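Engineer: Attaching a single structure in structure tokens format; questions to follow.
The values are calculated or read from the model by the stated rules, or taken from the named source; none is laboratory data. Note that the structure is predicted; figures quoted are calculated from it, not measured. Positions of Cβ are generated from backbone atoms using ideal geometry, with glycine treated the same way; all protein chains shown enter the neighbour counts. Remember, those area values only see protein heavy atoms, side chains included, never the ligands or the DNA or RNA. Shrake-Rupley method; radii C 1.70, N 1.55, O 1.52, S 1.80 Å.
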Amino acid sequence: DKGTEKTREGLFSRITKAVAGKSTVDDEVLDELEEILVTSDVGVNTTLKIIKRIEERVARDKYLNTSELNGILRDEIRELLAENNSNDFQTFEYGNYKPYVIMVVGVNGVGKTTTIGKLAHKLKQAGSNVVLGAADTFRAAAVDQLKLWGERVKVRVVAQAMGSDPASVAFDTLQSAVANGDDVAIIDTAGRLHNKVALMNELTKIKNVMQKVVPGAPHEILLVLDASTGQNAVEQCRQFTQATDVNALALTKLDGTAKGGVVIGISDEFKIPVKYIGVGEAMDHLQLFDRKAFVESLFK
Ligand code: GDP
């Protein structure tokens, strides 16, 4: 599949190929750059924004050598990401709240359970006591999977019977966290998207119940998106941000297809910081998002 191959190739080499034999950045080069960015899942609006900035630079400097293009693009992307990722996440610690409550949302299959497991592992390594809440009660597999992760990384999992009220599971989990003096509670939620109003109502209900136990909870509403699904991830981001106050993003599967471009477009369109990235299936394959390292990896 040619499309996949194209995106698997780094931005750096695609741009280098596109400008081969040309010395200055002209309209043709800019057109090619535009195509490269769009097919790298950066998104049309963000691509146009980047192209416009480069055009302005060409107009200002009169002459722009193609050999400078990679470096300029790298600067523009870094700047774009910085606008929306002003928080630099240095550690996996959440010291100021006890418990710090993370409500995790996202559609099935994006890597929600895996991300929760990996995050619990990182937090434990950082010295925090963690409890997980299996509030995706609509799929037996989801509860089982979370329990498995709990065993694997040795953290408690609060669960009820399948089909029980997700808000009730969230309530139990936070009560347990308070009683146990836990530092962080991470609540999984169901990922069905068939009805936006139903989703909104359910997430609101869970939030309200949480606040009865921990005022101010959830402190983090983390939306998990699969970076390899490109524009689907963008659409899911749109749906979930309309349904609830998402304030952090996790982008998974950035190890495989290298479709990192979607991170740029989502960050630009939604102004929500990318906090975590998933780079594999194992328990230590979760990283705090590091803008500089991310931009460098795009240009490898
Ligand atoms: P959920 O339905 O959203 O809870 O998704 P799961 O957590 O069950 O993950 C779905 C699949 O994606 C599983 O096979 C995971 O191992 C895999 N997965 C999750 N995160 C990553 C990642 O960062 N990289 C890779 N390669 N696979 C991942």
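Engineer: May I ask you to evaluate 6.51 cos²θ - 1.76 cosθ + 1.60, the Karplus curve with θ = phi - 60°, for each residue of the range 288-299 and list the ³J(HN,Hα) values in order in whole Hz, giving x for glycine and proline?
Structural biologist: Running phi through 6.51 cos²θ - 1.76 cosθ + 1.60 with θ = phi - 60° gives 6, 5, 10, 3, 4, 5, 5, 4, 4, 5, 5, 9 Hz.
Engineer: In addition: Take every DSSP beta bridge with both residues inside the chain and express the antiparallel ones as a percent of the total, to the nearest 5.
Structural biologist: If we restrict to bridges inside the chain, about 15 percent are antiparallel.
Engineer: Now for a different question. With a 1.4 Å probe and all protein chains left in place, how much accessible area per residue does the range 157-217 have, in Å²?
Structural biologist: Accessible area per residue, the range 157-217: 44 Å².
Engineer: When the chain is treated as a GNM, springs tying every alpha-carbon pair under 10 Å, which of LYS271, LYS118, LYS17 comes out with the largest mean-square fluctuation?
Structural biologist: Of LYS271, LYS118, LYS17, the Gaussian network model singles out LYS17 as fluctuating most.
Engineer: Just to check I understand the Karplus step: with θ = phi - 60° and J = 6.51 cos²θ - 1.76 cosθ + 1.60, what whole-Hz values come out for the range 200-212, glycine and proline as x?
Structural biologist: With coefficients 6.51, -1.76 and 1.60, one gets 4, 4, 5, 5, 5, 4, 4, 4, 4, 5, 4, 5, 5 Hz.
Engineer: Now a separate question. When the chain is modelled as a GNM with alpha-carbon springs shorter than 10 Å, which of ASP245, ASP144, ASP27 fluctuates the most?
Structural biologist: Of ASP245, ASP144, ASP27, the most mobile in the Gaussian network model is ASP27.
Engineer: Same structure, new question: If you build a Gaussian network model of the chain, linking Cα atoms that sit under 10 Å apart, which residue out of GLY181, GLY117, GLY133 swings the most?
Structural biologist: Its mean-square fluctuation being the largest, the pick is GLY181.
Engineer: If each residue of separation counts as 0.36 nm, what is the full-extension length gain between LEU148 and ASN96 once their alpha-carbon separation is subtracted?
Structural biologist: 15.8 nm
Engineer: Continuing with the same structure: If you average 1/r over all unlike Cα pairs in the chain and invert the result, what Kirkwood radius do you get in angstrom? If you can, show how the numbers build up before the last one.
Structural biologist: On the way: mean 1/r = 0.0494 Å⁻¹.
When all Cα pairs of the chain are included, the Kirkwood radius is 20.2 Å.
Engineer: In addition: Before anything else, pin down the relative contact order of the chain: Cα pairs under 8 Å, at least 6 apart, normalised by residue count, whole percent. Provide the component values of the computation, followed by the final result.
Structural biologist: Values: 544 pairs, mean separation 74.7, N = 300.
Computed over the chain, the figure is 25 percent.
Engineer: Ok, one more. Between GLN125 and LYS300, how high is the FRET efficiency from 1/(1 + (r/R0)^6) when r is the Cβ-Cβ distance and R₀ = 25 Å? Nearest 0.05.
Structural biologist: Once rounded, the FRET efficiency stands at 0.35.
Engineer: Karplus couplings for the range 165-170 from phi (6.51 cos²θ - 1.76 cosθ + 1.60, θ = phi - 60°), rounded to Hz, Gly and Pro as x?
Structural biologist: Each residue's phi maps through the Karplus curve to give 6, x, 5, 5, 5, 4 Hz.
Engineer: If you roll a 1.4 angstrom probe over the protein chains with everything in place, what fraction of the accessible area of the chain belongs to carbon and sulfur, to the nearest %?
Structural biologist: With neighbouring chains kept in place, the figure for the chain is 48 percent.
Engineer: Of all trypsin sites (Lys or Arg not before Pro) in the range 156-215, which ones are in loop regions per DSSP and have a Cβ with at most 14 other Cβ atoms within 10 Å? The partial results should precede the final answer.
Structural biologist: Values: sites: ARG156, ARG192, LYS196, LYS205, LYS207, LYS212; in loops: ARG192.
Those satisfying the criteria are ARG192.
Engineer: While we're here: Report the extension gain between ARG78 and ASP255 in nm, rounded to one decimal, defined as 0.36 nm multiplied by the number of residues separating them, less their alpha carbon distance. Walk me through the numbers before you get to the answer.
Structural biologist: Details: separation 177, 0.36 × 177 = 63.72 nm, distance 2.00 nm.
My answer for the length gained is 61.7 nm.
Engineer: Can I ask one more? Calculate, for the range 21-141, the solvent-accessible area per residue in square angstrom, rolling a 1.4 angstrom probe over the heavy atoms of the protein chains.
Structural biologist: Values: 5490 Å² over 121 residues.
Solvent-accessible surface per residue comes out at 45 Å².
Engineer: Ok, one more. Quick one: give the max-minus-min coordinate of the C-alpha atoms of the range 151-300 along each principal axis, largest first, in Å.
Structural biologist: Principal axes ranked by extent give 48, 36, 28 Å for the Cα atoms.
Engineer: OK, next. Please report how far the C-alpha centroid of the range 53-120 lies from that of the range 174-215, rounded to the nearest whole angstrom.
Structural biologist: 26 Å
Engineer: Under Stokes-Einstein, with the Kirkwood radius over Cα pairs standing in for Rh, what whole-number D in µm²/s applies to the range 18-148 at 20 °C and 1.002 mPa s?
Structural biologist: Using the Kirkwood radius from Cα pairs, D works out to 114 µm²/s.
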